[in-house]
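Below: one structure, written as structure tokens.
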Amino acid sequence: MQDCLFCKMVSGHIKPDIVYENSQVLAFHDINPQAPVHVLIVPKQHITTLNDLDGSHTALVGEMLLAAQEVAQQTGIADSGYRAVVNCNADAGQSVWHIHLHVLGGRRMGWPPG
Ligand code: 5GP
Ligand code: ZN
């Protein structure tokens with residue numbers, strides 16, 4: 001997807017601050033962090049929203065969650081705790097139209113989220 005910000009990061013045209021990468025996912029620091037640790041995990045394949053996932057993505061979604069675990073360990077928040085969140089569409093506040101898993105930690109978080 002030529003006009004997709006996160007596809008440009010996957011292709012290397014824009015260089016994010018990378019935390020973790022494997023053949024299927026890329027993880028990088030959010031530019032506007034909402035917690036001391038705020039990392040985004042994106043699939044290298046363009047998928048627009050959570051609604052666009054289907055059975056062909058089952059393993060990829062697993063890779064995204066395993067990447068969250070890896071990022072939490074690398075950034076030192078695995079034991080203190082963290083949140084892994086996907087925002088889907090307008091009510092959730094999705095603003096980048098390439099699916100991504102937010103990994104947030106390093107502070108106490110409230111529930112329910114705002
Ligand atoms: P959403 O609101 O779609 O769930 O999350 C999009 C996230 O992407 C936001 O947390 C926002 O700060 C982050 N973001 C937007 N533009 C950039 C960018 O150019 N670089 C990085 N690293 N993060 C970005
Ligand atoms: Zn994309």
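FYI, it's all coordinate maths here, none of it is from the lab. What you are looking at is a predicted structure, and each value in this text was computed from that prediction instead of being measured. Positions of Cβ are backbone-derived with ideal geometry, glycine not excepted, and every protein chain shown enters the neighbour counts.
Computed quantities for the displayed model
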{"quantity": "Dipole-positive endmost among G93, V71, P33 within the chain (Cβ charges, Cα centre)", "calculated": "P33"}
{"quantity": "Tilt relative to the chain, helix 58-75 - C-alpha long axis, 0 to 90 degrees, to 10", "calculated": "40"}
{"quantity": "Estimated D of the chain in µm² per second, where Rh is the Kirkwood radius over Cα pairs and Stokes-Einstein applies at 25 °C, 0.890 mPa s", "calculated": "170"}
{"quantity": "Alpha-carbon centroids, region 81-113 and region 40-78: separation in whole Å", "calculated": "13"}
{"quantity": "Amide H contacts of I99 (H built 1.01 Å from N, under 5 Å, at least 5 apart or other chain)", "calculated": "I47, T48, T49"}
{"quantity": "Cβ charges +1 (Lys, Arg) and -1 (Asp, Glu), total dipole of region 5-105, debye", "calculated": "200"}
{"quantity": "Average Cα contact separation per residue, the chain, under 8 Å, 6 or more apart, as relative contact order %", "calculated": "30"}
{"quantity": "222 nm mean residue ellipticity, helices alone, for the chain (DSSP H n ≥ 4; -39,500 (n - 2.57); rounded to 500)", "calculated": "-7500 deg cm²/dmol"}
